[in-house]
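Quick notes on the structure that follows.
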Amino acid sequence: MTTTDTMSPPAFIPYGRQDINQADIDAVVDVLEGDWLTQGPAIERFEQAVADATGAKYAVAISSCTAGLHIACLAAGLSRGDTLWTSPNTFVASANAARYCGANVDFVDIDPQTYNISISALADKLTKAKATNTLPKVVIPVHFSGQACNMAAIHQLSQEFGFTVIEDAAHAIGASYQSVPVGQCQHSAMTVFSFHPVKIVTTAEGGVVTTNDNTLYDQLIMLRSHGITKEADKLTSPAEGGWSYEQQTLGYHYRMTDIQAALGASQVQRLPEFIARRRQLAAQYDEMLADLPVIRPYQAESQQSSWHLYVVQIDSHKTSTTRKAVFDGLRAANIGVQIHYIPVHTQPYYKAIGFNRGDFPVAESYYQQAISLPMYPTLTDAEQQRVVATLRGFLA
Ligand SMILES: *Cc1c(COP(=O)(O)O)cnc(C)c1O
């Protein structure tokens with residue numbers, strides 16, 4: 001028996017984190033020891049890996065999902081005077097993409113069960129917008145937490161009301177909708193993924209846009225690199241020599257490096273393993289939380305979530321404990337819970353352009369009660385049990 005034991009704080013458990021193995025490290029080192037740090041063969045390998053994983057015809061690697069949303073909007077023709085609609089329950093980047101193009105933003109409230117864009121609210125708003133000639137040019141559905149939106153319904157509305165669909169799939173690589181991988185663009189023009197370390201696979205920073213449309217693909221390739229092309233068949237006048245290139249539009253420097261792409265290509269090979277573990281952790285949470293006053297994440301039958309997030313709502317009908325008390329308590333216990341999301345329209349920037357608290361009440365009341373529990377493939381069963389036991393203590 002020792003008398004000198006001091007209680008050291010339990011190890012910190014984040015809400016999400018990357019899983020890097022030796023093969024990932026070796027892939028990056030290979031690039032560092034090779035000839036191409038950027039614009040080399042690792043980019044094509046990574047793009048092919050994402051195209052294979054999603055079943056899309058084309059994949060374009062870019063420096064971030066945010067950059068991808070921006071050039072996807074540009075490729076869709078979004079510009080000044082146009083309007084883009086998205087969900088208020090998302091990261092600010094989904095809406096900011098429109099602002100980069102000089103376009104207006106509006107939001108459609110969420111479904112109280114899936115926390116994704118509400119199809120009935122979308123249909124109602126479209127009908128009203130048609131009457132006032134204010135239809136959106138682009139709609140960005142966000143596959144919140146990794147559960148895809150009702151894409152068949154959104155696609156049908158896009159046909160009826162004439163808008164372009166760009167999927168924000170930052171949470172959803174590895175997810176399926178009606179057994180088809182998200183990113184195959186069955187019901188959209190383009191899908192945009194994020195590879196930030198808290199997401200499902202990582203390139204440190206990075207993103208990919210997938211599409212099946214050859215014209216959109218060509219535009220995305222130009223827009224990610226200054227609006228420049230070197231391809232002989234795309235030049236507007238005959239090449240003067242082997243050095244010739246043309247800047248044909250105003251593009252950006254949104255390229256990914258080969259260092260990042262090599263990591264991504266290696267990570268994508270591990271996607272099935274990552275998703276399997278996330279699904280297992282979600283099923284375990286579902287079981288362990290069943291008797292607690294929390295609303296567990298609803299899953300629609302047509303969905304196979306990638307489980308980027310596991311979000312519960314503190315059920316205010318069943319407990320007097322507040323979400324804030326639970327959040328503060330878990331953080332004090334070294335458990336890195338997070339909140340997804342502060343409704344975008346309540347951010348000062350969006351308030352300054354006319355939005356108000358109360359505009360999207362379902363997203364706002366969801367936000368008041370929501371808390372994201374730790375969810376990542378290397379979270380151990382023991383750590384997950386500690387999360388649940390600690391949460392249970394605050395809800396008792
Ligand atoms: C993370 C995230 C983004 C932005 O991704 P970056 O790669 O960091 O630019 C966009 N939309 C959603 C829903 C996200 O979660």
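What residues from the range 112-149 fall in the zone where the backbone N is under 18 Å from a label point 7 Å along the Cα-to-C-beta line of residue 368?
112-113, 115
Mind giving me the nanometre distance, one decimal, between the label points for residue 245 and residue 288, set 7 Å out from Cα along Cα→Cβ?
5.2 nm
If you bin the C-alpha pair distances of the range 33-95 every 10 Å from 0, what whole percents do you get?
18, 36, 32, 13, 2
Within a Cβ distance under 14 Å of residue 293, other residues only, what is the Lys/Arg minus Asp/Glu net charge? Don't skip to the answer; put the middle values down first.
Working: positive: 296, 318, 323, 392; negative: 291, 315.
With Lys, Arg at +1 and Asp, Glu at -1, the net is +2.
Taking the Cα centre of the chain as the origin and placing charges on Cβ (Lys, Arg +1; Asp, Glu -1), which of 63, 308, 29 is farthest toward the positive end of the dipole?
Projecting each Cα onto the dipole axis, the largest value belongs to 308.
Please compute the net charge surrounding residue 141, taking Lys and Arg as +1 and Asp and Glu as -1 over other residues with Cβ under 10 Å from its Cβ.
Here the charged neighbours net out to -2.
Checking the cross-link filter: which aspartates and glutamates have an alpha carbon closer than 19 Å to that of residue 230, excluding same-chain neighbours under 8 positions apart?
Within the straight-line limit of under 19 Å, residue 230 reaches these aspartates and glutamates: 44, 218, 240, 246.
Please sort 86-92, 101-107, 187-193 by packing, taking for each peptide the average over its residues of neighbouring beta carbons within 10 angstrom, highest first.
Result, highest mean Cβ count within 10 Å first: 187-193, 86-92, 101-107.
Using the Cα atoms as the points, what is the convex hull volume per residue of the range 37-192 in Å³?
106 Å³
Taking a spot 7 Å from the Cα of residue 113 along the direction of its beta carbon, which residues of the range 278-308 have an amide N less than 16 Å from it?
Inside the label zone: 295-305.
Sort 230-242, 250-262, 116-128 for me by packing, meaning the mean count of neighbouring Cβ atoms within 10 Å per residue, highest on top.
Descending packing order for the listed peptides: 250-262, 116-128, 230-242.
Run through the range 302-396 and list the trypsin sites (Lys or Arg not before Pro) located in a DSSP loop whose Cβ has at most 13 other Cβ atoms within 10 Å. Write out the running numbers ahead of the final one.
On the way: sites: 318, 323, 324, 331, 351, 357, 386, 392; in loops: 318, 357.
Answer by residue number: 318, 357.
Quick check: net charge around residue 19, other residues with Cβ under 12 Å of its Cβ, Lys/Arg +1 and Asp/Glu -1? Let's see the in-between values first.
On the way: positive: 17, 199, 270, 277, 278; negative: 24, 273.
Around residue 19, the surrounding residues sum to +3.
For the residue pair residue 334 and residue 152, what label-to-label distance in nm results when each label sits 7 Å from Cα along the Cα-to-beta-carbon direction?
4.9 nm
Counting only heavy atoms of the protein chains, get the accessible area per residue of the chain (1.4 Å probe) and round it to a whole Å² value.
Accessible surface, normalised per residue, equals 44 Å².
Given that compact globular proteins tend to follow 2.2 N^0.38 Å, what is the ratio of the alpha-carbon Rg of the chain to that value?
The reported ratio for this selection is 1.04.
Ignoring ligands, DNA and RNA, what percent of the accessible area of the range 3-107 is carbon or sulfur (1.4 Å)? Walk me through the numbers before you get to the answer.
Working: 2590 of 4990 Å².
Looking at the range 3-107 in its full context, I get 52 percent from C and S.
Strictly over 27 Å apart at the Cα level, which of 128/324; 57/125; 128/351; 57/234; 57/199; 199/318 would you flag in this model? The partial results should precede the final answer.
Details: 128/324 37 Å; 57/125 33 Å; 128/351 23 Å; 57/234 20 Å; 57/199 23 Å; 199/318 32 Å.
Long pairs (Cα-Cα over 27 Å): 128/324; 57/125; 199/318.
The values are calculated or read from the model by the stated rules, or taken from the named source; none is laboratory data. Keep in mind that what you see is a predicted model, and the values were worked out from it rather than measured. Glycine also receives a Cβ, built like all others from the backbone with ideal geometry; neighbour counts cover every protein chain displayed. The accessibility values were calculated without ligands, DNA or RNA, using every heavy atom of the protein model including side chains. Shrake-Rupley method; radii C 1.70, N 1.55, O 1.52, S 1.80 Å.
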